[in-house]
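**Student:** Can you keep this structure in mind? I'll have questions shortly.
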Amino acid sequence: MRTLVLLAACGCVSGVSVAAPTFLDGAYGNAEGCVYAKTGESSGADVFFLLNDEGITTATAYCQFEGTAGKTATGFTVRTQCDSEGEVGPKETVALDKSAKGYTIRFKDGTTWGPLSQCRR
């Protein structure tokens, strides 16, 4: 009986998820990304960017953030791993640089996305 209760308790605990700490002051994106942030619905647009505390979503890729974001003079750095059309890329640290226009995402290979403006709430 005790084993059954213990197994049931372990099953419940394993289903609990812990929210990642927030570091951004809301969602950032282009028009299509901000619509997705509000509604959860994608229009299927070819140009789609959304940046939030969980990661970066585009029309063809999702880059999930891992761990805690580090504060920099211009924004943050955070570990991520991108999945693009079924192919998983390497884990890397990206820079999220904030300016008056929003956040620009900078990858180690020189690729940049943005600036992405803050989505209206």
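Just so it is clear, none of the values below were taken in a lab; they were calculated from the coordinates. For clarity, every value in this text was computed on a predicted model and none was experimentally measured. Quick reminder, even Gly has a Cβ in these numbers, built from the backbone with ideal geometry, and neighbours come from all protein chains shown.
**Student:** Over region 27-121, what is the relative contact order in whole percent, taking alpha-carbon pairs under 8 Å and six or more residues apart?
**Tutor:** RCO, region 27-121: 22 percent.
**Student:** Highest mean first, how do 83-95, 42-54, 67-79, 26-38 rank when packing is the count of other Cβ atoms within 10 Å averaged over residues?
**Tutor:** 26-38, 42-54, 67-79, 83-95
**Student:** Among the listed pairs Lys71/Lys108; Lys38/Lys91; Lys38/Lys108, give every one whose C-alpha distance is greater than 25 Å.
**Tutor:** Numbers: Lys71/Lys108 17 Å; Lys38/Lys91 28 Å; Lys38/Lys108 30 Å.
Cα-Cα > 25 Å for Lys38/Lys91; Lys38/Lys108; rest within.
**Student:** Under 12 Å from the 7 Å Cα→Cβ point of Val47, by amide nitrogen: which residues of region 53-79?
**Tutor:** Residues passing the 12 Å test: none.
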